[in-house]
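Encoded as structure tokens, the structure appears first; notes follow it.
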Amino acid sequence: MPRLPILSRERLYTDLPNAGGLLLLDWNLVNTSVGAMLEPVSYRSMETTHAAVNVYDAAIDRLTEIDDDQVFSLLGVNGGSTFVSYAR
């Protein structure tokens, strides 16, 4: 059960037809009392932080399939980020 401001949290994924699986995207769809929004997925791990993780706060209610291009249009960007090396 999420804390009160967050009513539900959906983890977004896209289908990989060539690989025969699915890809978990780096975004959650969060429904709150003021509306819906996208939040980045938190990758906190007990092995790296040695801190207690609140599993209720990080829990998801369901998985939702979405095309990754739709996520980019919701964010107002043209696509995924790529790393650029300026060292020459």
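The values are calculated or read from the model by the stated rules, or taken from the named source; none is laboratory data. Here the structure is a predicted model, which is why all the values come from computation and not from measurement. Please note: Cβ atoms are built from the backbone with ideal geometry, for glycine as well, and neighbour counts cover all protein chains shown.
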- Message: Looking only at residues that are part of a loop (DSSP other than H, G, I, E, B) and closer than 24 Å to LEU74 by Cα in segment 31-62, which one is modelled with the lowest pLDDT?
- Response: TYR43
- Task: Can you give me the number of residues within segment 63-88 that are over 27 Å from PRO17 (Cα atoms) and modelled with pLDDT of 80 or more?
- Result: 0
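Taking the residues in segment 12-30 that are surrounded by 10 or more Cβ atoms within 10 Å (Cβ to Cβ) and over 13 Å from the mean Cα position of the chain (by Cα) as candidates, determine which candidate is modelled with the lowest pLDDT. I'd like the intermediate steps shown before the answer.
So in segment 12-30, the residues surrounded by 10 or more Cβ atoms within 10 Å (Cβ to Cβ) come out as 12-16, 22-30.
Going one step further and asking which of them are over 13 Å from the mean Cα position of the chain (by Cα), we end up with 15-16, 22.
On the way: ASP15: 85, LEU16: 81, LEU22: 86.
Among residues in segment 12-30 that are surrounded by 10 or more Cβ atoms within 10 Å (Cβ to Cβ) and over 13 Å from the mean Cα position of the chain (by Cα), the one modelled with the lowest pLDDT is LEU16.
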